[in-house]
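Here the structure is laid out as structure tokens; the discussion comes afterwards.
The values are calculated or read from the model by the stated rules, or taken from the named source; none is laboratory data. Predicted model, so just to flag it, every value in this text is computed and none were measured. Reconstructed Cβ throughout: ideal geometry from the backbone, glycine too, with neighbour counts over all protein chains shown. Ligands, DNA and RNA are excluded from the accessible area calculation, which covers all protein heavy atoms including side chains. Shrake-Rupley method; radii C 1.70, N 1.55, O 1.52, S 1.80 Å.
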Amino acid sequence: MKLAAQYNKATLIITLIVLCSTAFVYYGAINYIVNKQLDHDLTEEVEEIADYIKLNQHLPAELDFEGDQTSFIKTDQKIAGMIFYDMPYHKNHGNKTESGRAVKTIVTLKGVNYVAIVAQSKEASENLTQLIICITVLLTAVLLLILALTNRYIFGGLWKPFYHVLAQLKAFNVADSDAISPNTTNIDEFKELNDAVTAMSARVKTDYENLKTFTENASHEMLTPIAVITSKLDTLIQDEKLKAEQFAQINDIYAATNKLSRLNQSLLLLVKIENDLINDTADFNLKNIILEKEHQLQELAQNKGIELIHILEDKEITANKYLIEILINNLFNNAIKHSEANGKLYIRLTTRELIFQNTGESALNGDEIFERFKKGHNSDGTGLGLTIAKNICNQHGYHLSYHFKAPYHTFKITF
Amino acid sequence: MKLLIIEDEQGLRESIEKYFTEAGVLCESCGTLAAAIGKISLYQYDCVLLDIGLPDGEGFALLEYLQANEKSEGVLIISAKNSLDNKIKGLNLGADDYLTKPFHLSELKARIDAIYRRRAFNSSNVLNYDLINIDLLAREVKVNDITIILTRKEYDMLLYFIANKGKVISKNAIAEHLWGEEIDLVDSFDFIYTHIKNIRKKLMEAAHKDYIKAIYGVGYKLL
């Protein structure tokens, strides 16, 4: 639930409760005042009757007079003072019933007690009460509406800087060049938030840049020493006095140096792809790239007895040729390297996808294989080949996926 | 051939100098841009081996100097930065070739020889070694006046051997030369063996002489 909605709900409920209770209090107060006024009128009425009786020595006529209805009933009861009460009021001799207020008292004429009841219509005051209640209800409704609208639009506007920052945070990519640019706002809390977010993103970016620069520099710096090792080995093997076991050791050093060098090149390439430094594109036919690579690698496949089967359609793409060559190379090499001897290697290219399929024993961990330095137990690769392939695909908006269905490992690029 | 080696890493410079000197190339070397420009302005070289990352500036400055002074030295750039931009910049500034560190000395020698051949003997496209005679344009190989048919890889390998005649070439160097750096070495070694066997056989049939010697599983040498 949104903060604004939550706040809105609370405000509305509180407002409603307060207004309702106010309405009750209001109603009670008005009723009380009206009754008080009526009772006062009725008292005067009763006094007038008493005066009349004293003066004229007979009961006044039971008349409707100025809306007062008076009746006298002979009684033995004793009532002290006056009793006020609500009663129905029959206007025009019972045709219409209204609410009314009445007073009951004892008048004495010639030693006989009469109950004198004087009733008055409460119609007028009732109307007043109704009007007041109507106005109150209307006011309440208007107030609620205004509150709702205010909350919705004014508070919505107030939260705008927050949502702006949130949207930017969501879209934040540490590798992107554009920084977070919060809206200017006068609200202290949002100002603080903006400052904190801007500072944080700047720090993260700087750290990331430093890390990238470090990786790049470290890799570069390592290449020269590797070049020295290689050149020294190349010089060392010219010595004919060396023994067979020394040559064997040199071979191992060669292999390790070669791996070190490939590892370095791969790391550098990854940094470049992630920095989007290799981004010039050209139009070309992917089929030709695959055929070239196949020509280059078919001997290796033949050597392992792998049967190479391709079904290639023309597929024109706009991409970075250098990276696509690396992508094809990595997938192709991978398929040959991990294929069983005398296995099969299928390459299928359609306008929608490219599939490399090779025979293999058991499934690889599909979640992990694209991660850095994750590789099979018997792989002597760098563990970066598939990571590079995945990154190249991501950069070009392709989707690279892996699945295993015995006996085939399948790598699929969906364009 | 006279070669100027401009490389600031002493160990690498010495190895290169030793390798080329033993192959009969006249070498001079220096480790800074200033010294290199000094030498270039005084002497004439056939080829220059230029490291881009020098302590007193980028090697591109030397290329600009060569262009400005209309010098005709062939230049091979070596750089730790395998960046396309650097490569293009270097080639645009008149360099003949570009090699990324690390590299094998045999590869360097083959590249320098190619530049030298293109520059010095642009009229002659024939390469002779002992009884072997190669027409570089026609890619035709004659041994003892008998034409032998080599596959593309065998042909490349033979040229590579001739450029490094008398030197032991490691299997790693051969694999990288033939298949590029991404190749899985272990898989390719069997393959090199097959190619070598075929070349040996073809040369043997024509010249009645074994030209290639295997060195303890580490590499091969053209005798």
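Per the listing B:Asp145, B:Asp156, B:Asp130, the residue uniquely surrounded by fewer than 18 Cβ atoms within 10 Å (Cβ to Cβ), farther than 29 Å from B:Glu17 by Cβ and not assigned by TED's automatic domain parsing to the domain that holds B:Glu73 is B:Asp145.
Within the stretch A:217-228, the set of residues being at pLDDT 85 or above and open to solvent by less than 70 Å² (accessible area, probe 1.4 Å) comprises A:Leu223, A:Thr224, A:Pro225, A:Ile226, A:Ala227, A:Val228. Among the residues of the stretch A:192-216, write down those that are open to solvent by less than 90 Å² (accessible area, probe 1.4 Å) and either at pLDDT below 85 or of a type outside the set (A, V, I, L, M, F, W, C) (or both). Of everything in the stretch A:192-216, those that are open to solvent by less than 90 Å² (accessible area, probe 1.4 Å) and either at pLDDT below 85 or of a type outside the set (A, V, I, L, M, F, W, C) (or both) turn out to be A:Asn194, A:Thr198, A:Ser201, A:Lys205, A:Thr206, A:Tyr208, A:Glu209, A:Lys212, A:Thr213, A:Thr215, A:Glu216. For the stretch B:113-152, filtering for residues that are within 14 Å of chain A (Cβ to nearest Cβ) and β-branched (Val, Ile, Thr) leaves 1.
Condition check ((1) touching a strand residue (DSSP E or B) at 6+ places or on another chain (Cβ under 6 Å); (2) of a type outside the set (Phe, Trp, Tyr)) across all residues:
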residue	(1), (2)
B:Asp8	yes, yes
B:Gly11	no, yes
B:Tyr19	no, no
B:Glu22	no, yes
B:Leu26	yes, yes
B:Gly31	no, yes
B:Gly38	no, yes
B:Gln44	no, yes
B:Asp51	yes, yes
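Residue selection: A:Gln246 satisfies the criterion of being surrounded by fewer than 19 Cβ atoms within 10 Å (Cβ to Cβ), more than 60 Å from the chain's Cα centre (by Cα) and more than 7 Å from every other protein chain (Cβ to nearest Cβ). A:Asp314 - would you say it is without any contact (Cβ under 8 Å) to a residue 60 or more places away in the chain, open to solvent by 70 Å² or more (accessible area, probe 1.4 Å) and either within 14 Å of another protein chain (Cβ to nearest Cβ) or on the phi > 0 side of the Ramachandran plot (or both)? The answer is no for A:Asp314. Of everything in the stretch B:182-223 that is open to solvent by 60 Å² or more (accessible area, probe 1.4 Å) and either among the aromatic types (Phe, Trp, Tyr) or under 16 Å from the mean Cα position of the chain (by Cα) (or both), the residue that is modelled with the lowest pLDDT is B:Tyr216. Regarding the stretch A:168-180, can at least one residue be identified that is more than 14 Å from chain B (Cβ to nearest Cβ), surrounded by fewer than 12 Cβ atoms within 10 Å (Cβ to Cβ) and part of a helix (DSSP H, G or I)? For the stretch A:168-180, residues more than 14 Å from chain B (Cβ to nearest Cβ), surrounded by fewer than 12 Cβ atoms within 10 Å (Cβ to Cβ) and part of a helix (DSSP H, G or I): present. Taking the conditions exactly as written (under 20 Å from A:Ser401 (Cβ atoms), crowded, with 18+ Cβ neighbours inside 10 Å, in the same structural domain as A:Asn394 (by TED's automatic domain parsing) and of a type in the set (Val, Ile, Thr)), does A:Thr351 satisfy them or not? The answer is no for A:Thr351. For the stretch A:1-57, name all the residues that are out of contact with any strand residue (DSSP E or B) (no Cβ under 9 Å at 6 or more places or on another chain), of a type in the set (A, V, I, L, M, F, W, C) and closer than 30 Å to A:Gly81 by Cβ. Matches in the stretch A:1-57: A:Val25, A:Ala29, A:Ile30, A:Ile33, A:Leu55. For the stretch A:395-403, the criterion of being touching a Ser or Thr at 6+ places or on another chain (Cβ under 9 Å), surrounded by 13 or more Cβ atoms within 10 Å (Cβ to Cβ), at pLDDT below 85 and assigned to a loop (DSSP other than H, G, I, E, B) is met by no residue. Checking the structure you have, find out if any residue of the stretch B:92-102 is in a helix (DSSP H, G or I), within 19 Å of the chain's Cα centre (by Cα) and either under 23 Å from A:Ser266 (Cα atoms) or among the hydrophobic types (A, V, I, L, M, F, W, C) (or both). No. The residues listed here are A:Ser231, A:Ser266; of these, the one that is assigned to a helix (DSSP H, G or I), without any contact (Cβ under 8 Å) to a residue 60 or more places away in the chain, open to solvent by less than 70 Å² (accessible area, probe 1.4 Å) and not assigned by TED's automatic domain parsing to the domain that holds A:Gly397 is A:Ser231. Among the conditions (1) more than 16 Å from A:Leu109 (Cα to Cα); (2) among the aliphatic types (A, V, I, L, M); (3) without any contact (Cβ under 8 Å) to a residue 24 or more places away in the chain; (4) part of a helix (DSSP H, G or I), the only one that A:Leu55 does not satisfy is (1).
Among the residues of the stretch B:78-116, just one is of a type in the set (Asp, Glu) and in contact (Cβ under 8 Å) with a residue 60 or more places away in the chain, namely B:Glu107. Just so you know, in the stretch A:330-342 the residues that are in contact with a Lys or Arg (Cβ under 8 Å, 6 or more places away or on another chain) and surrounded by fewer than 21 Cβ atoms within 10 Å (Cβ to Cβ) include one that is nearest to the other protein chains (Cβ to nearest Cβ), and it is A:Ala341.
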